[in-house]
1. To make sure I understand, if each residue's beta carbon is the centre and we count other beta carbons within 10 Å, what order do TRP150, TRP68 fall in, fewest to most?
2. Could you give the length gained on full extension between LYS86 and ASP104, defined as 0.36 nm per residue of separation minus the Cα-Cα distance, in nm?
3. Give me the aspartates and glutamates in straight-line cross-link reach of LYS152: C-alpha distance below 17 Å, same-chain residues under 8 apart excluded.
4. Towards the positive end of the charge dipole of the chain, with charges on Cβ (+1 Lys, Arg; -1 Asp, Glu), say which of LEU115, LEU81, GLN40 has the farthest Cα.
5. Give me D for the chain in µm² s⁻¹, whole number, from Stokes-Einstein with Rh from the Kirkwood sum over alpha-carbon pairs, 20 °C and 1.002 mPa s.
6. Pick from LEU132, LEU23, LEU59 the residue whose mean-square fluctuation is largest in a GNM of the chain, springs joining Cα atoms under 10 Å.
7. Size of the dipole of the chain about the Cα centre, Lys and Arg at +1 and Asp and Glu at -1 on the beta carbon, nothing else charged, in debye to 20?
8. How far apart, in nanometres, would the label points at GLU129 and ARG51 be if each is projected 7 angstrom from Cα along the Cα-to-Cβ direction?
Amino acid sequence: MSGSRSYPTSDASESPERGEVVLSLKTVHKMLPLVQQIAQDIVDSHAAMSRLHPEEERLDRDRHSLDWPGRQRRYEIKEDLARADKSLEVAHAELRDLGVNVLDDLLGRVGFPTLVNNRRAYFSWVLGEDGLHTWRFADEDVDRPIPVSWLKELAFAAKS
């Protein structure tokens, strides 16, 4: 960060002229527990779909020769896939409503929109991390460590 301090420091979310969500580090820190649960739902839905699709394809291929338990299993799988798809859709909508972007469905990587030096950026978090440690510019795939000065400001804000 060059000499200017344009990283987010306010407690409230801000909306720039283009209507984009901009979240402060403090706000993101508060949102993280909920976002963790939603990211887990996304990863779990994808895992369920990946596990069920091969069996569905096999049962669909053999549908004309299936006995009753096979047909029943085929119907169950279709229902399970529909549930997983709906769960995925709901999770994506929840994150969208929070202003959070999904960066990688399979890993559960999300981006919390912010501005760094007047450039669109994300605080980046991936499922399994114990907290928020990285950020990236919106047009890059490189995660960078959150500077100590930003974290100090967060700690200072938590004390007040």
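1. TRP68, TRP150
2. 4.7 nm
3. Answer for LYS152, where 17 Å is the Cα cut-off: ASP11, listed by chain and number.
4. Going by the charge dipole, the pick is LEU115.
5. My calculation gives 120 µm²/s for D.
6. Greatest mean-square fluctuation among the candidates belongs to LEU59.
7. For the chain, the charge dipole is close to 380 debye.
8. 2.7
None of the figures in this text is laboratory data; all of them are computed from the coordinates on show. Keep in mind it's a predicted model, so treat the numbers as computed, not measured. Cβ sites come from the backbone with ideal geometry, for glycine too, and all protein chains shown count toward neighbours.
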